[in-house]
């Protein structure tokens with residue numbers, strides 16, 4: 001696995017690089033957003049790890065530029081621990097986040113989990129008049145593209161893959177956010193579900209009171 005790390009703190013970058021090398025993960029380093037963007041254009045990476053606060057171009061702007069042409073998995077590193085900051089990162093296209101300071105073992109675990117989740121799948125599958133394209137993260141309904149956020153896409157993918165089965169809120173959170181405590185005791189998941197219903201079909205996703213959700217087979 002070859003990863004690009006975009007981190008302006010040279011010490012942190014080299015520590016991550018050395019640790020990942022012991023885990024058989026190759027890390028290339030960029031030290032500002034512009035350099036990161038150039039390296040993404042030059043090389044074929046399996047995954048990106050990007051710090052939020054970067055010189056020349058911050059991590060959010062870098063993510064937006066990359067997302068305009070690529071679906072490469074991306075993990076955000078940030079000292080910003082507020083819920084609103086994390087949700088902004090997700091909505092702009094990051095797949096996962098890690099708040100500084102963090103344990104390097106956790107970073108490696110998140111890298112492997114995200115990589116495993118985003119490779120080795122069928123490129124496309126459908127349900128009724130909905131087509132889910134995994135490579136491009138596009139969703140079509142009755143032949144027209146539906147604009148979903150990254151997290152809305154993952155939620156829909158998980159529910160359709162498990163259509164006909166009841167899935168718990170905990171299962172959805174584990175798949176989409178890696179079981180992170182970000183959504184404990186909040187109604188944020190319900191907001192995402194409501195958005196999917198509004199964009200696709202209000203009858204598509206059933207709520208199972210006190211448990212989770214279900215899409216009919």
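General observations
- Close Cβ contacts (under 9 Å, 6 or more residues apart or on different chains) running from residues in region 107-126 that are at negative phi and surrounded by 13 or more Cβ atoms within 10 Å (Cβ to Cβ) to residues that are at pLDDT below 85 and part of a helix (DSSP H, G or I) comprise 117/175; 125/161.
- For the residues 102, 94, the requirement of being modelled with pLDDT of 80 or more, under 30 Å from residue 203 (Cα atoms), in a loop (DSSP other than H, G, I, E, B) and not assigned by the TED database to the domain that holds residue 151 singles out 94.
- Candidate set: region 41-66, residues that are in a helix (DSSP H, G or I) and in contact with a strand residue (DSSP E or B) (Cβ under 8 Å, 6 or more places away or on another chain); chosen: the one nearest to residue 12 (Cα to Cα): 59
- In this entry, residue 155 passes the filter for residues that are touching a residue at least 40 places away in the same chain (Cβ under 8 Å), out of contact with any strand residue (DSSP E or B) (no Cβ under 7 Å at 6 or more places or on another chain), more than 20 Å from residue 81 (Cα to Cα) and part of a helix (DSSP H, G or I).
- Those residues of region 1-25 which are exposed (fewer than 13 other Cβ atoms within 10 Å of the Cβ) and closer than 23 Å to residue 135 by Cα, in sequence order: 2
- Where residue 88 falls short, out of the listed (1) closer than 20 Å to residue 159 by Cα; (2) in contact (Cβ under 8 Å) with a residue 24 or more places away in the chain: (1)
- Filter result (within 24 Å of residue 1 (Cβ to Cβ) and either free of Cβ contacts under 8 Å to residues at least 40 places away in the same chain or part of a strand (DSSP E or B) (or both)) within region 134-146: 134
- You will find that of 157, 184, 174, 145, the residue that is modelled with pLDDT of 85 or more and either more than 20 Å from residue 203 (Cα to Cα) or surrounded by 16 or more Cβ atoms within 10 Å (Cβ to Cβ) (or both) is 157 and no other.
- Of residues in region 127-137 being out of contact with any strand residue (DSSP E or B) (no Cβ under 6 Å at 6 or more places or on another chain) and surrounded by 13 or more Cβ atoms within 10 Å (Cβ to Cβ), the one modelled with the highest pLDDT: 128
The values are calculated or read from the model by the stated rules, or taken from the named source; none is laboratory data. Not measured: the values here are computed from a predicted model. Reconstructed Cβ throughout: ideal geometry from the backbone, glycine too, with neighbour counts over all protein chains shown.
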